[in-house]
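Bear in mind these aren't lab numbers, they're just calculated from the coordinates by the rules spelled out. Just so we're clear, the structure is a prediction, and the values are computed from it rather than from any experiment. Because the Cβ atoms are built from the backbone with ideal geometry, glycine has one as well, and the counts that use them run over all protein chains shown.
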Amino acid sequence: MKKKLLVLGLCVALAAIAIAGASLAYFTDTKSATNTFTVGNVKIDLIESKFHRTGSDNSGDTSLPDPTAKAAGMEFIPDGWTIFTDDEIKKDAETYATDYLAVKGENMVPGRGVAKCPYVINTGANDAYVRVRVMIPSAANNDFVNVKDGGVITNQWCGTALKGAGEDAGKKPAEFQHGDRGVAWPDVKQGVEKDGVTYDVYTFTRIEPLKAGAMTEWNVWNFIGINKNATSADIQKAIDAGAITATGDTMTLNVLVEADAIQAEGFADATAAFAAFDK
């Protein structure tokens, strides 16, 4: 009888150990989860078109068509204004260099203006601050140099992009920051050296981030041309100053357009973002 009780007691003890072991395994069980993150990117396209957003580029080129679409729900252009759409501008940009600029920009004569309307498209995955720089050779820039001294390049930027569009209650805010010369002027820095040429640099910094997939609403520039009062002697002065390159019978206006972008996240505004960009 004692032997039977001992065996029974042993069986109970083993059962207790087994239960305790099972409990211990349960409380120390570990589960794991895999967290997947995607890495964003900042990428832009700089495109040029002969289409000013509202068709009023003041280039004097009568071959340009008038826009027919009506603005609706745009951030910087009032409803009802007649415009070229994003798709129309993008389509035109595909052949701008070959079908328009190569034709209108050939054999330039005093008084001719060529439409030059840059836009930026955010093709990346993240919102980004963007800016556009138009660089005019200083020695030939009629904004600051008299035509008789070689200032034969005439040009015009889009003032509405800097001061806002519309009137009174229907007025839309400016898309780009203005400079210290006035509300219709971009930031201008004179005497900037690049690749052996001295430029006047016009910078257009977009105030708000450009959303992923979006395109700037306003073109920042309108046209480039030769001053209607320029003579051969005036043009020669620009050539001598290196502002115009002469190769045989061909003369090239060295006008540059560049665009920059930086992620919007992590910066209070565009000024802070591009301060970091320029470091």
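Looking at this model, which pairs from K70/K171; K148/K194; K91/K171; K43/K189; K43/K70 are more than 23 angstrom apart at the alpha-carbon?
Violating the 23 Å limit, Cα to Cα: K148/K194; K91/K171; K43/K189; K43/K70.
Determine the gain in length on full extension of the stretch A102-E265; use 0.36 nm per residue of separation and subtract their C-alpha separation, reporting nm with one decimal.
Value of the extension gain: 54.7 nm.
Could you calculate the FRET efficiency of T95 with K148 from 1/(1 + (r/R0)^6), where r is the beta carbon distance between them and R0 is 30 Å, rounded to 0.05?
In this case the efficiency is close to 0.20.
With unit charges on the beta carbon (Lys/Arg positive, Asp/Glu negative), name the residue among T247, P118, Q156 whose Cα is farthest towards the positive pole of the charge dipole of region 93-250.
Q156
According to the square roots a ≥ b ≥ c of the eigenvalues of the Cα gyration tensor, what is the shape class of region 123-214, taking rounded for a/c under 1.5, prolate for a/b larger than b/c otherwise, and oblate for the remainder?
Because a/c hits 1.5 or more and a/b fails to exceed b/c, region 123-214 counts as oblate.
D87 to K279: extension gain in nm, 0.36 nm per residue of separation minus the Cα-Cα distance?
Between D87 and K279, full extension yields 65.5 nm more.
To the nearest 20 debye, what charge dipole does region 55-196 have about its Cα centre, counting +1 at the Cβ of each Lys and Arg and -1 at the Cβ of each Asp and Glu?
Rounded to the nearest 20 debye, it is 360 debye.
For the pair D180 and A233, what calculated FRET efficiency results from E = 1/(1 + (r/R0)^6), where r is the Cβ-Cβ distance and R0 = 45 Å, to the nearest 0.05?
With R0 = 45 Å, the Cβ-Cβ based efficiency is 0.80.
Where a ≥ b ≥ c are the square roots of the eigenvalues of the C-alpha gyration tensor, would you call region 74-146 rounded, which needs a/c under 1.5, or, failing that, prolate if a/b is larger than b/c, or oblate?
Prolate is the answer for region 74-146, as a/c is 1.5 or above and a/b outweighs b/c.
In what sequence, highest mean first, do 256-262, 124-130, 62-68 appear when ranked by Cβ atoms within 10 angstrom?
My ranking of the peptides, most packed first, is 124-130, 256-262, 62-68.
Quick one: dipole size for the chain, taken about the Cα centre, charges +1 on Lys/Arg Cβ and -1 on Asp/Glu Cβ, in debye to the nearest 20.
Charge dipole, the chain, about its Cα centre: 1680 debye, nearest 20.
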